[in-house]
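Remarks on the structure that follows.
The values are calculated or read from the model by the stated rules, or taken from the named source; none is laboratory data. From a predicted model like this one, the values you see are computed outputs, not experimental measurements. Cβ atoms come from the backbone with ideal geometry, glycine included; neighbour counts cover every protein chain shown. What goes into the accessible areas is simple: the full protein's heavy atoms, side chains included, and nothing from ligands, DNA or RNA. Shrake-Rupley method; radii C 1.70, N 1.55, O 1.52, S 1.80 Å.
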Amino acid sequence: MSNIFKDIKYFFLSLRERHLLNSLKNTTKRSFSSKTGKTVYGNGADLSLQSETLKLIEQVKEGVSSIVKRTNCDPDLLLSYIKAAKTPVYRIEKADKYLNLIKEEEGFICEKEGFDALFLSFITERQFKLKTPPMFVLGVGDIDKFYMLHNFYRWYSMKTGLPGFEYEVQKKFKSSLFDKSNTEMKNLSMEDIIAIKEAVSRDQEATDFVLQYTKHTDGSKNVMEKLKTEGGANI
């Protein structure tokens with residue numbers, strides 16, 4: 001996990017979000033709701049009534065900032081915090097190769113059902129379960145602290161109650177993310193698109209936090225240059 005953003009798909013999330021926003025402009029329905037907010041679309045401008053969502057976003061920033069300050073962003077200490085919150089953490093040899101089979105990456109993995117849950121429960125516990133809770137699955141060895149911070153931030157957002165981590169939302173988000181033909185997108189309802197946009201927002205919030213953190217740490221120049229080179233600077 002030495003290249004901190006190498007295998008993370010959030011380089012492309014802003015492009016996907018733009019596509020989702022363009023889709024929203026074509027809808028005739030005027031409002032949509034998530035569990036923490038409501039978005040209303042009018043002829044002149046879009047109005048987001050998401051006071052609860054914004055409060056939670058600020059709560060996450062403050063909470064993670066405090067934890068990072070206490071732990072100096074040490075991956076092992078962050079994992080200890082996660083374990084203390086009753087979220088399973090697994091360290092597995094060749095985890096990246098196994099997880100690639102279900103289009104997942106090392107780090108925070110949301111709730112799974114069906115085949116993906118069967119697969120995850122087998123490689124983590126040698127059991128067969130049709131549903132698995134949110135968990136961390138990581139390889140054996142050192143963990144890059146920036147990579148860990150991004151995953152920790154998303155996990156903390158989920159634990160705080162921000163939308164976008166629900167099973168069905170994540171399932172549709174993953175499908176649309178890997179759907180190069182946009183066939184999946186065409187079949188989504190506007191409510192689905194709004195929900196997926198929440199998932200995109202959670203990733204972008206984590207990315208923004210990591211970028212801000214790197215400005216105050218050694219090696220931040222290399223991180224910023226990598227993001228600019230690979231397109232992440234537009235996120």
Going through Lys83/Lys131; Lys145/Lys215; Lys97/Lys145; Lys69/Lys159; Lys94/Lys174; Lys55/Lys131 one by one, the pairs whose alpha carbons sit over 25 Å apart turn out to be Lys55/Lys131
Rounded to 0.05, the calculated FRET efficiency for the beta carbons of Ser189 and Lys55 at R₀ = 35 Å is 0.80
For segment 81-170, report the accessible area per residue in Å² (1.4 Å probe, heavy atoms, rounded to an integer).
47 Å²
Which residues does the label zone of Lys129 cover in segment 98-115, counting backbone N under 15 Å from a point 7 Å along Cα→Cβ?
109-115
